[in-house]
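The values are calculated or read from the model by the stated rules, or taken from the named source; none is laboratory data. Everything numeric in this text was worked out from a predicted model, so none of it was measured. With ideal geometry, Cβ positions are generated from the backbone for all residues, glycine too; neighbour counts draw on all protein chains shown.
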Amino acid sequence: MNASLRFLSTLSEKWIKRGAHTSIKDLEQSIRDYLARHNEKPLPFVWRKSADQIISAVGRAAEKRA
């Protein structure tokens, strides 16, 4: 999963779904609050696998679908 999708998943699971939002404006403010808190102590994304391992895994997944 790429880093941006992982971040959005975390935002959804840990912030949006736990809150009670009464309007779109309220939801937008909640997301802005999360981003502000997250950016206070940002952490870099660290790849756990090499590019070769990732490409190999993608190849295996493609073979299973074929």
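Of all residues in the stretch 31-42, those being among the basic types (Lys, Arg) and in a loop (DSSP other than H, G, I, E, B) number 1. Considering each residue of the stretch 3-22, count those that are within 8 Å of the chain's Cα centre (by Cα) and not aromatic (Phe, Trp, Tyr), and give that number. Here the count works out to 8.
Within the stretch 43-66, the set of residues being exposed (fewer than 10 other Cβ atoms within 10 Å of the Cβ), of a type in the set (Lys, Arg) and in a loop (DSSP other than H, G, I, E, B) comprises just one member, 48. In the set (1) part of a helix (DSSP H, G or I); (2) at pLDDT below 85; (3) exposed (fewer than 11 other Cβ atoms within 10 Å of the Cβ); (4) not acidic (Asp, Glu), the condition left unmet by residue 6 is number (3). Selection of the stretch 18-34 for residues being exposed (fewer than 11 other Cβ atoms within 10 Å of the Cβ) and closer than 18 Å to residue 4 by Cα yields only 32. Within the stretch 10-30, if we keep just the residues that are outside any helix (DSSP H, G or I) and touching a Ser or Thr at 6+ places or on another chain (Cβ under 9 Å), the residue that is nearest to residue 45 (Cα to Cα) turns out to be 19.
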